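A.B. asks: Dropping a structure here in structure tokens format, bear with me for questions.
The values are calculated or read from the model by the stated rules, or taken from the named source; none is laboratory data. All figures in this text were calculated on a predicted structure; none of them were measured in a lab. FYI the Cβ positions are ideal-geometry reconstructions off the backbone, even for glycines, and counts take in every protein chain you see. Protein only, heavy atoms only, side chains kept; ligands, DNA and RNA dropped before computing areas. Shrake-Rupley method; radii C 1.70, N 1.55, O 1.52, S 1.80 Å.
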Amino acid sequence: MTDRSAAAAAGEHGERSDGRTREARGPAGRRGDSARKHEAGAGFFVRLTSRWGAGALPPLGALVVVIALWQFGLKLLGTPSYLFPKPTDVVRAASDNFPLLLQSVWTTAYESLLGFLLSIVFGVALAIVLATSRMIEKSVYPYAIVLQTIPIVAIAPIIVIWFGAGLNAVVVIAFLIGFFPMLSNTLIGLHSTDQNLRNLFYLYNAGKWQTMWRLRIPAALPYMAGGLKISASLSVVGSIVGEYVAGIGGGKGGLGFAITQAAIRVQTDYLFACGLSASLLGIAFFLAVQGLSRWMLSSWHESAMRIEN
Amino acid sequence: MAGTVLREALVGRASSGDRSPQENAASQEAPLVVLRDVVKTYANGTVAVSDVNLSIREGDFLSFVGPSGCGKSTLFRIIAGLGRQSEGTVDVFGGDPERSRKQGGVSYVFQDATLMPWANVLDNVTLPLKLAGESRRDRIARAEEALALVGLADYRKALPRQLSGGMRMRVSIARSLISKPRLLLMDEPFGALDEMTRQTLQDELLKIRERDPRLTVLFVTHNVFEAVYLSSRVAVMSVRPGRITEEIAIDVPYPRGEDFRTTPVFSELVRRVGRGLAH
Ligand SMILES: Nc1ncnc2c1ncn2[C@@H]1O[C@H](COP(=O)(O)OP(=O)(O)O)[C@@H](O)[C@H]1O
Ligand SMILES: [Mg+2]
């Protein structure tokens, strides 16, 4: 999975280095930074809606058809709600328990965000340390790969023992699951700096850290963006899995906890509502990160820009 | 043996008497770059260059022409202190190439403009000063000067991808000039440009040198016309292992302009260099 993402990132990267010669647009090409920033910020939503405006009808239509089939099919069959709730049952369960559901979504979002931020900080920091020294990388990175292959569910109980049931353990699990993609993508990015640019920095006597901050990190940004997207989705998965194991009791349980509770009580309609909320949360996370990385790369990365010809 | 003869020929030329008094005064100074019996063998056994002897004086414009893979870039890397020769000695500004480079005074222009794609023209051009820790005010002042020199004063905020290939090369040249080098190494700088742009940039390079006649330029090209048009000397190199087989002086005074291209002398020199290459 990380390999694939790295390849995708490399592809995006390659796209910019293909030496595409575009005629200068003269003064029009210098529309100024403020204009470009504006485009990158607000433009994200404009682009989303305009892209969806035209292309939204078919998937929306399909959605309506599926929901209708779901609703009337189950009604015709007379399937009991505890086995397979109808869409209306799910909506009713969600609205009846709305404050509780919102609380669960909020808790899971909070845990995921914390885990995600930790995986960014530690993933990027460790990648930078590894990239500064071949020796360190050769001695440490193999273990990082081995650790990554351990199924997180298998070590979750240990984490609960170490960090105590509750928020801490859940955040650690969300962090662990998002950490490796961040690390490996950043590391690949830091290693794929253009050789000519490296020579240039060397010729101008740049120090190790100058090369890191001014060249290698900026050049790695597209790869980091790839890592961010993977880690963001994984951290939501991680916190829900974490809650299955570590749970947060009382009124503060997250979606994972709510799902276990609903399953025990056979509140299938509410269980569906929680599951759908979890998907929506994952999508929201993904879109937020996509917006963030577009903004991050807006100044230079071709694939993040609208191609103007 | 051939190397020794050649060396004598080259080094000897520096003190020969058929020059104007002015030029003689300049040539009595120690050469800027001296290569003696330089051999470079890469770790995989490739002998890239062999028996290279060169003496480059301040203000020289020396072009290297030769087939691909004959070691032109290898030679440049050695002179810039990016790599070491396997045998022989290399002397830049009277000392070790790497040390001379660290003291500043050597700039490099690659075939590819080698700009940071995320940074605008101004930030790309000021990079050498930034790395050297110069103040922001100095950086900007000198960048304006360098950008004006290459005709890009209005493009400070543009990103590399908004520029054409020729403009990107201009940015690269401005960057190489901003550190006020004594020695400018240009490795096929115009190789990827179309003929029109190439000729424009040739004239701009000549203009830059007119402003600063002490600037020494080493230039790699596949283009015989370009070599003759720009250079005061052309070194012809043989296939691998690269040796300098012939040195041709282009004794046509600067400033040179478009009309030089149509003179009989020009055609004759082009023919001579072309013949040297064919051997
Ligand atoms: N790092 C290297 N390791 C091994 N061989 C190399 C290396 N760099 C260049 N060469 C070889 O040395 C020869 C000269 O290369 P180069 O100096 O780039 O030639 P040129 O610039 O004249 O085209 C070529 O045959 C090339 O394959
Ligand atoms: Mg070369």
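A.B. asks: Expressed as a whole percent, how much of the Cα-Cα distance distribution for the range A:87-297 exceeds 30 Å? Intermediate values should be presented prior to the final figure.
C.D. replies: Numbers: 7353 of 22155 pairs.
Counting every Cα pair in the range A:87-297, those more than 30 Å apart make up 33 percent.
A.B. asks: For a Förster distance of 51 Å, can you work out the FRET efficiency between the beta-carbons of A:Trp213 and A:Tyr244, rounded to the nearest 0.05?
C.D. replies: It comes out at approximately 0.80.
A.B. asks: While we're on this one: Treating the range B:170-213 as a set of equal point scatterers at the Cα positions, no solvent, please give the Debye-formula log₁₀ I(q)/I(0) at q = 0.23, 0.28 Å⁻¹.
C.D. replies: Debye intensities relative to I(0), on a log10 scale: -0.88, -1.21.
A.B. asks: Measure off 7 Å from each Cα along the Cα-to-Cβ vector at A:Trp70 and B:Met196, then give the distance between these two points in nanometres to one decimal.
C.D. replies: With each label point 7 Å from Cα toward Cβ, the separation is 6.1 nm.
A.B. asks: Within 10 Å, count the other beta carbons around each residue, average over each peptide in B:189-198, A:65-74, and list them highest first. All intermediate terms of the calculation are to be shown ahead of the outcome.
C.D. replies: Working: B:189-198: 17.1, A:65-74: 12.7.
Descending mean neighbour count gives B:189-198, A:65-74.
A.B. asks: May I pose another question? If I model a spin label at A:Arg265 and A:Ile158 as a point 7 Å from the Cα along the Cα→Cβ vector, what separation in nanometres do I get?
C.D. replies: If labels sit at A:Arg265 and A:Ile158, their model points lie 3.5 nm apart.
A.B. asks: What accessible area, in Å² to the nearest ten, does a 1.4 Å probe give for B:Arg182?
C.D. replies: Solvent-accessible area, nearest 10 Å²: 100 Å².
A.B. asks: Applying 1/(1 + (r/R0)^6) with R0 = 56 Å to the Cβ-Cβ distance of B:Ala30 and A:Lys138, what FRET efficiency is obtained, to the nearest 0.05?
C.D. replies: 0.75
A.B. asks: If you take each beta carbon of peptide B:106-113 and count the beta carbons of other chains within 10 angstrom, what is the mean?
C.D. replies: 3
A.B. asks: Where in the range B:130-164 is the amide nitrogen less than 19 Å from a point lying 7 Å along the Cα-to-Cβ axis of B:Asp203?
C.D. replies: B:148-153
A.B. asks: Between B:Asp60, B:Asp203, B:Asp154, find the one with the highest GNM mean-square fluctuation for chain B; connect C-alpha pairs within less than 10 Å.
C.D. replies: Highest fluctuation of the listed residues: B:Asp154.
A.B. asks: Okay, next question. Estimate for me the total accessible surface buried between chains B and A (protein heavy atoms, probe 1.4 Å, no ligands or nucleic acids), in Å² to the nearest 100.
C.D. replies: Counting protein atoms only, the buried area is about 3000 Å².
A.B. asks: Could you state the accessible area per residue of the range A:87-297 in Å², with a 1.4 Å probe and every protein chain left in place? Present the calculation step by step, with values, prior to reporting the outcome.
C.D. replies: Details: 9510 Å² over 211 residues.
Accessible area per residue, the range A:87-297: 45 Å².
A.B. asks: Helix-only mean residue ellipticity at 222 nm, chain B, DSSP H runs n ≥ 4 weighted -39,500 (n - 2.57), per residue, nearest 500. What is it?
C.D. replies: Details: 11 runs with 112 residues, N = 279.
Rounded to the nearest 500, the figure is -12000 deg cm²/dmol.
A.B. asks: In terms of Cα to Cα distance under 21 Å, which lysines are near enough to B:Lys180, apart from those fewer than 8 places away along the same chain?
C.D. replies: B:Lys102, B:Lys130, B:Lys207
A.B. asks: Continuing with this model, one more query. Mind pulling the per residue volume of the convex hull built on the Cα atoms of chain B? Å³ is fine.
C.D. replies: Per residue, the Cα convex hull of chain B comes to 138 Å³.
A.B. asks: Further question: Quick check: with the 1.4 Å probe, what order do A:Tyr223, B:Tyr155 take by accessible area, largest first?
C.D. replies: B:Tyr155, A:Tyr223
A.B. asks: At q = 0.16, 0.23, 0.24 Å⁻¹, what log₁₀ I(q)/I(0) does a Debye calculation on the Cα points of the range B:115-180 give, no solvent, two decimals?
C.D. replies: -0.42, -0.88, -0.96
A.B. asks: Can you sort B:His279, A:His191 by solvent-accessible area, 1.4 Å probe, largest first?
C.D. replies: The ranking, largest first, comes out as B:His279, A:His191.
A.B. asks: Take every residue in peptide A:194-203, count the Cβ atoms of other chains within 10 Å of its Cβ, and give the average of those counts.
C.D. replies: 6
A.B. asks: Compute the FRET efficiency between A:Ala56 and A:Tyr82 as 1/(1 + (r/R0)^6), taking r as their Cβ-Cβ distance and R0 = 35 Å, and round to the nearest 0.05.
C.D. replies: That pair, A:Ala56 with A:Tyr82, gives E of 0.50.
A.B. asks: Determine the per residue accessible area of chain B with all protein chains present and a 1.4 angstrom probe, expressed in square angstrom.
C.D. replies: Per residue, chain B has an accessible area of 43 Å².
A.B. asks: What does the accessible area of A:Thr88 come to, in Å² to the nearest 10, when a probe of 1.4 Å is used?
C.D. replies: Looks like 70 Å² after rounding.
A.B. asks: Mind giving me the nanometre distance, one decimal, between the label points for B:Glu134 and A:Trp295, set 7 Å out from Cα along Cα→Cβ?
C.D. replies: 3.5
A.B. asks: Still on this structure, please answer the following. Quick one: with all protein chains in place, what share of the accessible area of the range A:87-297 is carbon or sulfur, to the nearest percent (1.4 Å probe)?
C.D. replies: Accessible surface attributable to carbon and sulfur in the range A:87-297 totals 72 percent.
A.B. asks: Taking a point 7 angstrom from the Cα of A:Leu287 along the C-beta vector, which residues in the range A:229-247 have backbone N less than 16 Å away?
C.D. replies: Residues A:233 fall inside that zone.
A.B. asks: Given a 10 angstrom Cα cut-off, can you work out which residue in B:Ala158, B:Ala43, B:Ala143 is the most mobile in a GNM of chain B?
C.D. replies: B:Ala43
A.B. asks: Would you list, by chain and number, the lysines whose Cα falls below 22 Å from the Cα of A:Lys86, excluding same-chain residues fewer than 8 positions away?
C.D. replies: List returned: A:Lys75.
A.B. asks: Let me ask something additional. Return the average number of partner chain Cβ atoms within 10 angstrom of each residue Cβ along peptide B:97-103. List each step's numbers first, then the result.
C.D. replies: Details: counts 0, 1, 0, 0, 4, 3, 1.
Shielding by partners across B:97-103 averages 1.
A.B. asks: May I pose another question? Stokes-Einstein D for the range A:139-246 at 25 °C, 0.890 mPa s, Kirkwood Rh over Cα pairs, in µm²/s?
C.D. replies: 157
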